[in-house]
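Visitor: My questions will all concern the structure given below.
The values are calculated or read from the model by the stated rules, or taken from the named source; none is laboratory data. These numbers come from a predicted model, not from an experiment. Note that we place each Cβ from the backbone using ideal geometry, even for glycine, and neighbour counts take in every protein chain shown. Note: areas computed on protein heavy atoms with side chains; ligands, DNA, RNA excluded. Shrake-Rupley method; radii C 1.70, N 1.55, O 1.52, S 1.80 Å.
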Amino acid sequence: MDKELIVNATATEVDVAMLEDKKLVELQNEKSDADFVVGDLFLGKVKKLMPGLNAAFINVGYEKDAFLHYTDLSPYIKSLLKFTQMAQTDKSETGFDFYKFNLEPEIVKNGKITEVFSGKPNILVQILKEPIASKGPRLTCEISLPGRYIVITPFNNIVAVSKKIHSADERKRLQHVIESIKPNNIGVIVRTAAEGKNTAELHDDLLELLESWKEVQRKLKDAQAPVKIQAEENKITSLLRDLLSKDFNKIVINNKALYNNTLQYIQKIAPQKADIVKLYQEPQNIFDTYGITKQIKGSFGRTVNLPSGAYLIIEHTEALHVIDVNSGYKSISDSQEDNALATNLEAAEEIARQLRLRDIGGIIVVDFIDMKNPENKKKIQEAIELHMKNDRARHAALPISKFGVMQITRQRMRPEVKINTSEVCPTCNGTGKITSTYLLEDEIETRLNYLVSHKHKNITVEVHPIVYSHLTKGIFNSKRLKWKRKFKMPIHIIKNSNFNFTEVKYFDADLEEIKI
């Protein structure tokens, strides 16, 4: 699988698009003034305890107080409170030695928030979820600092190895290496990327993270809550840190400063991949050049068309998301069961992509086309699990119910990505809206493909004059000639000035309209 990262930077924000085999699978946006990002560390102040919720509200400087539930406190919360106080009041120039810090007893799993906090102390917290809609950030006290190969978790001595490393011998080797190099009071989680790495590489990653933790300790000294102590890396470097693999073959950035920063980061973590970083300097928008704008227009509307002619309807309610699978005009067999299975399998791949692309979280209900065969229903669940395998968010999918409905849950870490894919209609002077014109050419080709596969010949396509000009422009490379070569038959295109801009009709050899 080829992976590409395309970065479009403007004065106010950075858009990062991730492509897998040229297909858009992730789109992330980072505002230049974003202050509350997942992973950021803050010195907050306890504002209010809510015994009924078993939670506390913490002031971290956001317009609404952040939420901290008892289950997110960490077993080592008493050690964290003690550390925060000591770091703030420390008078020494170099700071106290954290590796000799005396840990406090762990708290019980089913305790009460009022047993942990007395008064309104300052506390070091980490953003677990960004502010969403009317909610403030959600916090955790289980502090973690991620690196390329490992994640450190202060206040414990646990060493854990990723379960995705399947070799028992490799897991034991990594466990032994980390236990031999890590200092006291620092827990370590070994990431999947550490598989096959030698002691020197792991040690370098550990030293860098320990220096970051020392910097946190230094910044806490004399800090006044609420204040940000440490920011998470930008979207590009955090993506590369988590995802960079041999599959990555291109990183293209249209901003010189970002390009230099990314190149330096790649040279540090994977110098052999430095040549994949490219600076884009063309006048055309970088997302247009790499076909991302077109994919965005086709992927973020209420209706998502599939190559076969089937389509999805995606609706969002207050409580959940609903996805309806529709067969459209697709028909590959005389068997209704076979048609339903083929459409549902195609939809399963796109649904997995849509959840990841839009970063849809919570409860998702998918209404698949009804199937009778239990084996076919099982195939759909297996397809969903397969296509969601690369999704970094935690997720689970239940079997299809007897009503043809599947329930999926997916972790939501940040606000859902929503993009308006409608354009003001040029034929009604802005009084209405039409589906994006980016998709019209592809839609005509998809329908022609369907008609040709059903033995229609001498097809005539009737369109608006502007669309006609676009499809016939060029003597040797017009779209009409490309279709002629592709379908091995003439495709006639005529214009009708009475048509709406996106209106299209199809006629057979006898000029009888074909209803699709």
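Visitor: Of all the residues that make up region 475-503, how many are surrounded by fewer than 17 Cβ atoms within 10 Å (Cβ to Cβ) and in a loop (DSSP other than H, G, I, E, B)?
Guide: Count: 12.
Visitor: Examine region 326-336 for a residue that is closer than 29 Å to residue 452 by Cβ, open to solvent by less than 50 Å² (accessible area, probe 1.4 Å) and among the acidic types (Asp, Glu), and state whether such a residue exists.
Guide: No: region 326-336 contains no residue that is closer than 29 Å to residue 452 by Cβ, open to solvent by less than 50 Å² (accessible area, probe 1.4 Å) and among the acidic types (Asp, Glu).
Visitor: Something else about it: Could you list all residues from region 59-72 that are in contact with a strand residue (DSSP E or B) (Cβ under 8 Å, 6 or more places away or on another chain) and within 17 Å of residue 107 (Cβ to Cβ)?
Guide: 68, 69, 70, 72 - these are the residues of region 59-72 that are in contact with a strand residue (DSSP E or B) (Cβ under 8 Å, 6 or more places away or on another chain) and within 17 Å of residue 107 (Cβ to Cβ).
Visitor: Condition first: surrounded by 15 or more Cβ atoms within 10 Å (Cβ to Cβ) and either among the small types (Gly, Ala, Ser) or without any contact (Cβ under 8 Å) to a residue 60 or more places away in the chain (or both). Now tell me which residues in region 99-143 satisfy that.
Guide: 104, 107, 116, 136
Visitor: Just checking, does region 402-416 include any residue being of a type in the set (D, E, K, R), at pLDDT below 90, touching a helix residue (DSSP H, G or I) at 6+ places or on another chain (Cβ under 9 Å) and assigned to a helix (DSSP H, G or I)?
Guide: Within region 402-416, not a single residue is of a type in the set (D, E, K, R), at pLDDT below 90, touching a helix residue (DSSP H, G or I) at 6+ places or on another chain (Cβ under 9 Å) and assigned to a helix (DSSP H, G or I).
Visitor: Name every residue in region 457-474 that is assigned to a loop (DSSP other than H, G, I, E, B) and either farther than 18 Å from residue 440 by Cα or aromatic (Phe, Trp, Tyr) (or both), in order of residue number.
Guide: Across region 457-474, the qualifying residues are 457, 458, 474.
Visitor: Now for a different question. State which residue is nearest to the chain's Cα centre (by Cα) when the search covers only region 5-36 and only residues that are of a type in the set (Val, Ile, Thr) and open to solvent by 20 Å² or more (accessible area, probe 1.4 Å).
Guide: Looking at residues that are of a type in the set (Val, Ile, Thr) and open to solvent by 20 Å² or more (accessible area, probe 1.4 Å), I get 14.
Visitor: Looking at the structure I just gave you, is residue 147 of a type outside the set (D, E, K, R), under 27 Å from residue 390 (Cβ atoms) and open to solvent by less than 40 Å² (accessible area, probe 1.4 Å)?
Guide: yes
Visitor: Which residue pairs have Cβ atoms under 9 Å apart, sit 6 or more places apart or on different chains, and have a first residue in region 39-56 that is touching a residue at least 12 places away in the same chain (Cβ under 8 Å) and assigned to a loop (DSSP other than H, G, I, E, B) and a second that is of a type in the set (S, T, N, Q) and open to solvent by less than 80 Å² (accessible area, probe 1.4 Å)?
Guide: Every condition considered, the pairs that remain are 39/126; 39/144; 39/230; 39/238; 40/126; 40/230; 51/114; 54/114.
Visitor: Yes or no: region 382-395 includes at least one residue that is assigned to a loop (DSSP other than H, G, I, E, B), out of contact with any helix residue (DSSP H, G or I) (no Cβ under 7 Å at 6 or more places or on another chain) and hydrophobic (A, V, I, L, M, F, W, C).
Guide: yes
Visitor: Could you pull out every one of the strands (runs of 3 or more DSSP E) wholly within region 189-307 that has 1 or more residues that are without any contact (Cβ under 8 Å) to a residue 60 or more places away in the chain and open to solvent by less than 40 Å² (accessible area, probe 1.4 Å)?
Guide: The strands (runs of 3 or more DSSP E) meeting that bar are 277-279, 303-305.
Visitor: Mind checking which pairs have a first residue in region 372-399 that is under 13 Å from residue 361 (Cα atoms) and a second that is hydroxyl-bearing (Ser, Thr, Tyr), Cβ under 6 Å, 6 or more apart or different chains?
Guide: 396/409
Visitor: Also: For region 338-379, how many residues meet the condition of being open to solvent by 10 Å² or more (accessible area, probe 1.4 Å), over 22 Å from residue 296 (Cβ atoms), of a type outside the set (S, T, N, Q) and assigned to a helix (DSSP H, G or I)?
Guide: Of the residues in that region, 9 qualify.
Visitor: Against the conditions (1) modelled with pLDDT of 85 or more; (2) surrounded by 15 or more Cβ atoms within 10 Å (Cβ to Cβ); (3) more than 26 Å from residue 361 (Cα to Cα), where does residue 440 fall short? Just the number, please.
Guide: (1) is the only condition that residue 440 fails.
Visitor: Oh, and also: Would you tally the residues in region 1-12 being modelled with pLDDT of 80 or more and farther than 14 Å from residue 253 by Cβ?
Guide: Here the count works out to 2.
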